[in-house]
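Shown next, in structure tokens, is the structure this report addresses.
Where a number appears in this text, it was derived from the coordinates with a stated rule and is not lab data. All values reported here derive from a predicted model rather than from experimental measurement. All Cβ positions, glycine included, derive from the backbone under ideal geometry; neighbour counts span all protein chains shown.
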Amino acid sequence: MLTKVEATERVRKIEYAIRDVVVHAKQVAKTGKKIYYLNIGDPVAFDFDTPQHIKQALVRAVEEGSNFYAPSEGLPELREAISQKEKRINSVEVCPDDVIVTSGISEGIQMIMAALVDAGDEILLPGPTYPPYISYARFFGGKPITYETIEKDGWQPNVDDMRRKISKKTRGIVIINPNNPCRALYE
């Protein structure tokens with residue numbers, strides 16, 4: 001016998017612009033208009049195929065038995081490689097023990113917000129921003145506050161606006177570099 005389970009209020013309130021827009025797009029598509037769904041970054045949908053050497057490496061790894069569950073924080077070799085790359089490319093010292101590998105950016109955002117945000121906390125985000133930052137801040141009871149980014153300056157953050165919005169409730173400031181969705185590289 002199946003029992004109807006009602007979702008929590010927290011889940012019913014989730015807004016996720018990247019996926020919510022699809023409902024409206026499908027309605028427009030029913031009118032016969034051609035819709036290009038750019039809301040999800042799926043390069044394969046637009047003829048950007050995975051390079052052959054990466055496909056071959058994946059097949060080889062599976063054939064060699066490397067298709068096991070990895071440690072939850074990521075393979076030590078990968079975390080070390082990430083640490084070395086950050087030092088080489090960005091001149092940033094990151095200890096491999098401080099690197100966590102996730103299945104994607106949304107999982108990473110969820111983990112960070114879960115670790116930082118309690119009810120009533122504020123998280124400063126660039127505006128515009130990648131919608132999951134807003135969704136997860138709210139999911140954990142926080143309040144997303146956007147700071148201005150200046151389009152005519154290549155979407156650079158307005159540091160004065162950011163400073164004005166910092167309060168005793170500010171728990172974190174999100175800096176996305178390169179920024180999604182604007183592609184800005186912050187100075």
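Sorted by average packing, counted as other Cβ atoms within 10 angstrom per residue and highest first, what order do 36-47, 146-157 take? Intermediate results must be reported in sequence, preceding the final value.
On the way: 36-47: 10.3, 146-157: 16.2.
Ranked from most to least packed, the peptides come out as 146-157, 36-47.
Amide H neighbours of T146 under 5 Å, counting only residues 5+ apart in sequence or on other chains, H built in-plane at 1.01 Å?
HN-HN under 5 Å from T146: L125.
How large, in Å, is the stretch 16-68 by the Kirkwood hydrodynamic radius built from its alpha-carbon pairs?
Numbers: mean 1/r = 0.0710 Å⁻¹.
One over the average 1/r among Cα pairs gives 14.1 Å for the stretch 16-68.
From largest to smallest, what semi-axes in whole angstrom does the chain give when each is the square root of 5 times an eigenvalue of its alpha carbon gyration tensor? Provide the component values of the computation, followed by the final result.
Numbers: eigenvalues 170, 141, 97 Å².
Output for the chain: semi-axes of 29, 27, 22 Å.
Let me spell out the model: positive unit charges on the Cβ of Lys and Arg, negative unit charges on the Cβ of Asp and Glu, origin at the Cα centre of the stretch 104-187. What dipole size does that give, in debye rounded to 20?
220 debye
Starting with the fewest neighbours, write out C182, C95 ranked by other beta-carbon atoms found within 10 Å of each beta-carbon.
Ordered from fewest to most neighbouring Cβ atoms within 10 Å, C182, C95 come out as C95, C182.
To make sure I understand, if each residue's beta carbon is the centre and we count other beta carbons within 10 Å, what order do L116, L2, L125 fall in, fewest to most? Can you show the working numbers first?
On the way: L116 15, L2 4, L125 21.
The fewest-first ordering by Cβ neighbours comes to L2, L116, L125.
In debye, nearest 20, what is the charge dipole magnitude of the chain about its Cα centre with +1 on Lys and Arg Cβ and -1 on Asp and Glu Cβ, if you could check?
860 debye
For the chain, what is the percent of antiparallel DSSP beta bridges, rounded to the nearest 5?
On the way: 2 of 11 bridges.
The answer is about 20 percent antiparallel.
Which of the listed residues, Y16, F48, V62, is farthest toward the dipole's positive end in the stretch 16-68, when Lys, Arg count +1 and Asp, Glu count -1 at the beta-carbon?
Ranked along the dipole, the leading option is Y16.
Report the full-extension gain for the segment F68 to L185: residue separation times 0.36 nm, less the Cα-Cα distance, to one decimal in nm.
38.5 nm
So what is the calculated 222 nm ellipticity per residue for the chain, using -39500 (n - 2.57) for each DSSP H run with n of 4 or more, over all residues, to the nearest 500 deg cm²/dmol?
That comes out to -11500 deg cm²/dmol.
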